[in-house]
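> Before I ask anything, let me first share the structure, which is written out below as structure tokens.
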Amino acid sequence: MTEDRHRSGLSAADAEAFVAGATLPAAPPLLPEIRLHLASEVTPLWEATETRLAEAGLPPPFWAFAWAGGQAVARLVLDRPDLVRGRRVMDFATGGGVAAIAAALAGATSVEAVDIDPFATAAARLNARVNGVDITTLTEDLVGQRPPPGAPDVVMAGDVCYEKPMAERVFAWLRALAGDGVLVLLGDPARAYAPRDGVEALVVIDVPTVIEIEDKPQRRTTVWRVLPAPAAS
């Protein structure tokens, strides 16, 4: 589902127009198959939008960049479509929707892109249309909720471990989903609060990055499978 109006007061159409006006379509460096609405110049976009978004009580424009964790998950899904083909997929904290788009291209039965930021879900919808795929979006905080019957088979999450409270809260939820039989894929470029236990590595990729938003020109990024928490004794 897609909300018609968001907590920012903008309609979905207005949010999409805002994203389109602040970005240009381009292919992320690791994913020549995909085009996204991305910031062409990091600092001007950040300064121009951060104040406006803060006034609306919304996060900075993370949706305008192809972060390493999301790119790595998308690359894995495109290279191993068996992980998602014929399955219901959720892309949690979708940002611009890169992993969601990859899952749709790889043959997922359905793809839902979820983010608390309505500009992120707007970007995901725009980017899906650029790539000729169908996704749905949901602007809501799902952390702590257990999936209802019928959804999803796979949950993807890229770059969600950059703040300690969020990382701990999200990882506990992802482990609970894994315990319910969901395949959980977590892409992380060695952020400070990435989990050390309860995961197994599926692939390690050196992802080219934008030096203005990272501290190096590429980040070694692991896509982990999140494991269920051990049963209480």
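> Please work out which residue is modelled with the highest pLDDT, limiting yourself to segment 193-212 and to residues that are charged (D, E, K, R) and not in a strand (DSSP E or B). Give the derivation first.
Step one: of segment 193-212, the residues charged (D, E, K, R) are 196-197, 200, 206, 212.
The next check asks that each one be not in a strand (DSSP E or B); those that pass are 196-197, 212.
On the way: R196: 88, D197: 93, E212: 69.
Result: D197.
> Still on this structure, please answer the following. Enumerate the pairs (first residue in segment 203-223 and touching a residue at least 40 places away in the same chain (Cβ under 8 Å) and under 10 Å from A68 (Cβ atoms); second residue anywhere and in a loop (DSSP other than H, G, I, E, B) and open to solvent by 60 Å² or more (accessible area, probe 1.4 Å)) with beta-carbon separation below 6 Å, excluding pairs fewer than 6 apart on the same chain, so at least 6 apart or on different chains.
P208/P29
> Taking segment 196-224, which residues are within 18 Å of the chain's Cα centre (by Cα), more than 17 Å from V77 (Cβ to Cβ) and crowded, with 20+ Cβ neighbours inside 10 Å?
Hits for segment 196-224 are T209, R219.
> Would you check which residues across segment 153-175 are open to solvent by 50 Å² or more (accessible area, probe 1.4 Å), outside any helix (DSSP H, G or I) and of a type in the set (G, A, S) and list them?
Scanning segment 153-175 gives no hits.
> Kindly establish whether P25 is modelled with pLDDT under 65, more than 18 Å from D159 (Cα to Cα), not in a loop (DSSP other than H, G, I, E, B) and not hydroxyl-bearing (S, T, Y). Full working, then the answer.
Details: modelled with pLDDT under 65: no; more than 18 Å from D159 (Cα to Cα): yes; not in a loop (DSSP other than H, G, I, E, B): yes; not hydroxyl-bearing (S, T, Y): yes.
The answer is no for P25.
> In segment 110-132, which residue that is outside any strand (DSSP E or B) and open to solvent by 10 Å² or more (accessible area, probe 1.4 Å) is farthest from R85 (Cα to Cα)? Steps first, please.
As a first pass, look at segment 110-132 and keep what is outside any strand (DSSP E or B): 116-132.
From what is left, the residues that are open to solvent by 10 Å² or more (accessible area, probe 1.4 Å) are 116, 125-126, 129-132.
On the way: I116: 26, R125: 21, L126: 23, R129: 20, V130: 21, N131: 18, G132: 17 Å.
The qualifying residue farthest from R85 (Cα to Cα) is I116.
> Can A48 be described as open to solvent by 20 Å² or more (accessible area, probe 1.4 Å), in a helix (DSSP H, G or I), out of contact with any Ser or Thr (no Cβ under 8 Å at 6 or more places or on another chain) and at pLDDT 65 or above? Explain how you work it out, then say what you get.
Numbers: open to solvent by 20 Å² or more (accessible area, probe 1.4 Å): yes; in a helix (DSSP H, G or I): yes; out of contact with any Ser or Thr (no Cβ under 8 Å at 6 or more places or on another chain): yes; at pLDDT 65 or above: no.
No: the conditions fail for A48.
> Just the residues that are among the acidic types (D, E) and without any contact (Cβ under 8 Å) to a residue 40 or more places away in the chain, please, taken from segment 111-139. Walk me through it before giving the result.
First, pick out the residues of segment 111-139 that are among the acidic types (D, E): 112, 115, 117, 134.
Selection gives D134 alone.
> Do you know which of the residues in segment 30-45 that are exposed (fewer than 14 other Cβ atoms within 10 Å of the Cβ) and at pLDDT below 90 is nearest to A123 (Cα to Cα)?
S40
> Given the residues A108, A104, A167, which is the only one that is free of Cβ contacts under 8 Å to residues at least 40 places away in the same chain, among the small types (G, A, S) and in contact with a strand residue (DSSP E or B) (Cβ under 8 Å, 6 or more places away or on another chain)?
Values: A108 fails: free of Cβ contacts under 8 Å to residues at least 40 places away in the same chain; A167 fails: in contact with a strand residue (DSSP E or B) (Cβ under 8 Å, 6 or more places away or on another chain).
Being free of Cβ contacts under 8 Å to residues at least 40 places away in the same chain, among the small types (G, A, S) and in contact with a strand residue (DSSP E or B) (Cβ under 8 Å, 6 or more places away or on another chain) holds for just one of A108, A104, A167, which is A104.
> Do we find a residue being under 11 Å from V133 (Cβ atoms), within 12 Å of the chain's Cα centre (by Cα) and outside any helix (DSSP H, G or I) anywhere in segment 94-102? Write out each step before concluding.
Restricting attention to segment 94-102, the residues satisfying the condition of being under 11 Å from V133 (Cβ atoms) are 97, 100-102.
Still in the list and also within 12 Å of the chain's Cα centre (by Cα): 97, 100-102.
Next, from what is left, pick out any that are outside any helix (DSSP H, G or I): 97.
Yes, that holds for at least one residue.
> Continuing with this model, one more query. Could we say that A178 is part of a loop (DSSP other than H, G, I, E, B), within 26 Å of P81 (Cα to Cα), open to solvent by less than 60 Å² (accessible area, probe 1.4 Å) and in contact with a strand residue (DSSP E or B) (Cβ under 8 Å, 6 or more places away or on another chain) here? Give the steps one after another, and end with the answer.
Numbers: part of a loop (DSSP other than H, G, I, E, B): no; within 26 Å of P81 (Cα to Cα): yes; open to solvent by less than 60 Å² (accessible area, probe 1.4 Å): yes; in contact with a strand residue (DSSP E or B) (Cβ under 8 Å, 6 or more places away or on another chain): yes.
Here the answer is no, as A178 does not meet what is asked.
> Here is a follow-up. Kindly check whether there is at least one residue in segment 70-77 that is modelled with pLDDT under 95 and either open to solvent by less than 30 Å² (accessible area, probe 1.4 Å) or closer than 28 Å to D215 by Cα (or both). Quick ask: steps written out before the conclusion?
Our first condition is that a residue be modelled with pLDDT under 95; within segment 70-77, this holds for none.
No, there is no match, as no residue in segment 70-77 is modelled with pLDDT under 95 and either open to solvent by less than 30 Å² (accessible area, probe 1.4 Å) or closer than 28 Å to D215 by Cα (or both).
> With respect to A190, determine if the residue is open to solvent by less than 30 Å² (accessible area, probe 1.4 Å), modelled with pLDDT under 95 and within 25 Å of R219 (Cα to Cα).
Details: open to solvent by less than 30 Å² (accessible area, probe 1.4 Å): no; modelled with pLDDT under 95: yes; within 25 Å of R219 (Cα to Cα): yes.
For A190, the condition - open to solvent by less than 30 Å² (accessible area, probe 1.4 Å), modelled with pLDDT under 95 and within 25 Å of R219 (Cα to Cα) - is not met.
> May I pose another question? Quick check on A13: is it modelled with pLDDT of 85 or more, open to solvent by 20 Å² or more (accessible area, probe 1.4 Å) and touching a His at 6+ places or on another chain (Cβ under 7 Å)?
Values: modelled with pLDDT of 85 or more: yes; open to solvent by 20 Å² or more (accessible area, probe 1.4 Å): yes; touching a His at 6+ places or on another chain (Cβ under 7 Å): no.
It is false that A13 is modelled with pLDDT of 85 or more, open to solvent by 20 Å² or more (accessible area, probe 1.4 Å) and touching a His at 6+ places or on another chain (Cβ under 7 Å).
The values are calculated or read from the model by the stated rules, or taken from the named source; none is laboratory data. Everything numeric in this text was worked out from a predicted model, so none of it was measured. Using ideal geometry, Cβ is built from the backbone for each residue, glycine included, and neighbour counts are taken over all protein chains shown. Note: areas computed on protein heavy atoms with side chains; ligands, DNA, RNA excluded. Shrake-Rupley method; radii C 1.70, N 1.55, O 1.52, S 1.80 Å.
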